[in-house]
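Everything on this sheet refers to the single structure shown next.
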Amino acid sequence: MDCADRERLAEAATVLGEVLDPRNEKLKETPVLVLGNKIDKAGACTEDELKANLSLMHTTGKDDAGLAEGVRPLEIFMCTVTGQAGFKEGFDWLATHIG
């Protein structure tokens with residue numbers, strides 16, 4: 001998600017909603033990582049703003065403390081690819097939930 005492109009937040013929320021829809025049998029147990037990119041740009045939304053706009057006020061946590069059976073891993077990591085920050089942590093988190 002491009003955090004500096006606020007005009008597309010609603011579109012991103014719609015697409016994410018389709019992925020997270022519990023009726024979507026193909027994806028209901030698939031871990032979901034949201035990367036909030038371009039945090040280094042002026043006007044980029046914060047993690048709290050991104051969560052609110054995507055209706056993700058409750059994620060499963062970045063600390064991998066263990067999830068209850070049947071709970072889909074879901075987390076947001078803020079990052080800047082050009083600044084080389086945040087994305088590695090996101091992919092490391094995802095790697096712990098794939099398998």
Exercise for the section: Consider a paramagnetic label point 7 Å from the Cα of K28 along Cα→Cβ; state which residues of the range 41-75 have an amide N under 14 Å from it. Expected result: 70-72
Handout entry: Inter-site label distance for E11 and K41 at 7 Å from Cα along Cβ, in nm
Key = 1.2 nm
Fill in the blank from the handout: For K28, counting only aspartates and glutamates whose alpha-carbon sits under 16 Å away and dropping same-chain residues fewer than eight positions off, the answer is E18, E69, E75
Problem - Whole-Hz couplings from phi, Karplus 6.51/-1.76/1.60, listed for the range 24-37; x for Gly and Pro - result: 7, 4, 5, 10, 5, 10, 7, x, 10, 10, 10, 9, x, 8
Problem - Which of M1, L94, Q84, positive extreme of dipole for the chain (C-beta unit charges) - result: M1
Handout entry: Debye, to nearest 20: dipole size of the chain, +1 on Lys, Arg Cβ, -1 on Asp, Glu Cβ
Key = 120 debye
Practice task
Taking amide H positions as placed in the peptide plane 1.01 Å from N, state which residues far from G36 in sequence (5 or more) or on other chains have amide H under 5 Å from it.
Solution key: F77, M78, C79
Problem - Relative contact order (percent, whole number), the chain, Cα cutoff 8 Å, 6+ residue spacing - result: 32 percent
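Readers should treat all values here as calculations from the given coordinates under stated rules, not as data from a laboratory. All figures in this text were calculated on a predicted structure; none of them were measured in a lab. A quick note on method: Cβ atoms are made from the backbone with ideal geometry, for glycine too, and the neighbour counts reach across all protein chains shown.
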